[in-house]
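Working notes, beginning with the structure itself.
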């Protein structure tokens, strides 16, 4: 929406490379609700919504469930300056960080195995 700082669901889908269906589903389950609605009832999103969605998208390859994503978003929201539960949320974020590092290490090993497999196949084809 030019000049409003808001974007419709199609623009958000294009920018994040997620489907409209996924975005609607995230809204339905409360994972990412739009910041507003147009007069016609269309979902409207802010740049902050985009950043939140990109965080969700970055969690997907690490195998996090929708509930785990929701927990992380709640913890992030709770670490704000006006939050009373900041210490508990910070602890949860630290646990997520440790878990994400472990998941990444596992993916790195899987990628190395895939590279080795591709190398073996390539050697067979070129021999």
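Considering only residues of region 28-52 that are assigned to a helix (DSSP H, G or I) and in contact (Cβ under 8 Å) with a residue 40 or more places away in the chain, which is nearest to residue 74 (Cα to Cα)? Walk me through it before giving the result.
Here is the first cut: in region 28-52, the residues assigned to a helix (DSSP H, G or I) are 28, 47-52.
The next check asks that each one be in contact (Cβ under 8 Å) with a residue 40 or more places away in the chain; those that pass are 47, 50.
On the way: 47: 18, 50: 16 Å.
Per the criteria, the residue is 50.
Do the conditions hold for residue 115, that is, is it at pLDDT 95 or above and out of contact with any strand residue (DSSP E or B) (no Cβ under 8 Å at 6 or more places or on another chain)?
Working: at pLDDT 95 or above: yes; out of contact with any strand residue (DSSP E or B) (no Cβ under 8 Å at 6 or more places or on another chain): yes.
Considered against the rule, which asks whether it is at pLDDT 95 or above and out of contact with any strand residue (DSSP E or B) (no Cβ under 8 Å at 6 or more places or on another chain), residue 115 comes out as yes.
The values are calculated or read from the model by the stated rules, or taken from the named source; none is laboratory data. On a predicted model such as this, the values are computed, not experimentally measured, just so you know. Every residue, glycine as well, gets a Cβ built from its backbone with ideal geometry; the counts of neighbours run over all protein chains shown.
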